[in-house]
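Visitor: This is the structure I want to talk about, given as structure tokens.
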Amino acid sequence: MSRMYPFSGLALLLIVSLLSGCAGPSASSRDKIQRALSVTTTASVEEYLLGVTDVVQVSVWRNEDLSVEVPVRPDGKISVPLVGDVQASGRTPQALADDIENSLARYIRQPQVSIVVTSMGSHEYTDRVRVTGAVKQPVSVPHRAGMTVLDIVLGAGGATPFAALNNSMLYRKIDGEVVAIPVRLEDILNNGDVSTNYAIRPGDILSIPERNF
């Protein structure tokens, strides 16, 4: 099933900027926060879904003339010898391979197809994580498995002396809604309390506000 991205990365950054400019960011309800955080344990590793601009290598065992490297077109399809156009966008590589195998079975005996994604352009921005606000170097970096709040803060060069560390907020898109999750960065960095050193998911934005003087 295709994943939907109701907000672009730019739109979510704008929302965070507006929230940061108010009297103070407000956390989401406890239930919404718990639901957003539970995703890190129940679905931290998702199957890759193909998208437009991805490039895939279609390999047909013992049939090099049928093996091609092709991009996913704007209409979400790829072209494969003998088979023709096949829907690729929104599907896993394995599902695409199975579909091509079923179509090739009309022409060759027991086809074996493998799909390798050679370029993941469709997820270049949706799978990134970002740090904004009172950090030495606001950054937008590709998500990596095992990333935590502390990792992305250190990747931004750390917080500035003016940061209101315990008022930090992690913004996460869940089912089309942006959930604001409080992060006590002061406790993480200086007190050894890692209870809010949450695992980071693709698309997360960590905002660190400045203190009010």
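Visitor: Can you pull the Kirkwood radius for the stretch 134-199, inverse mean 1/r over Cα pairs, to one decimal in Å?
Guide: Roughly 12.6 Å, rounded to one decimal.
Visitor: Multiply the residue separation of Arg109 and Ser38 by 0.36 nm, subtract the distance between their alpha-carbon atoms, and state the gained length in nm to one decimal.
Guide: Value of the extension gain: 21.0 nm.
Visitor: Pull up all non-local amide H partners of Val129: gap of 5 or more, or a different chain, and H-to-H distance under 5 Å with H placed in the peptide plane.
Guide: When sequence neighbours closer than 5 places are left aside, the close amide H contacts are Val141, His143, Gly203.
Visitor: With θ set to phi - 60°, apply the Karplus curve 6.51 cos²θ - 1.76 cosθ + 1.60 along the stretch 28-36 and write out the HN-Hα couplings as whole Hz, x wherever there is a Gly or Pro.
Guide: 6, 5, 4, 5, 5, 5, 4, 5, 5
Visitor: Here's a follow-up. Can you compute 3J(HN,Hα) from phi for each residue in the stretch 195-209, using the Karplus curve 6.51 cos²θ - 1.76 cosθ + 1.60 with θ = phi - 60°, rounded to whole Hz and x for Gly and Pro?
Guide: Calculated HN-Hα couplings, in order: 5, 10, 7, 5, 5, 9, 10, x, x, 5, 10, 9, 10, 10, x Hz.
Visitor: Just the accessible area per residue of the stretch 32-149, please: how many Å² with a 1.4 Å probe?
Guide: It amounts to 56 Å² per residue over the stretch 32-149.
Visitor: Take the Cα pairs of the stretch 91-172, get the Kirkwood Rh, then feed it into Stokes-Einstein at 37 °C and 0.692 mPa s and tell me D in µm²/s.
Guide: The Stokes-Einstein estimate is 201 µm²/s.
Visitor: Find how much the distance from Asp193 to Arg30 grows on full extension, using 0.36 nm per residue of separation minus their present alpha carbon separation; answer in nm with one decimal.
Guide: Difference between extended and current length: 56.7 nm.
The values are calculated or read from the model by the stated rules, or taken from the named source; none is laboratory data. These numbers were taken from a predicted model, which means no experiment stands behind them. For the accessible areas, the whole protein counts, side chains as well, though only heavy atoms, and no ligand, DNA or RNA atoms are used. Shrake-Rupley method; radii C 1.70, N 1.55, O 1.52, S 1.80 Å.
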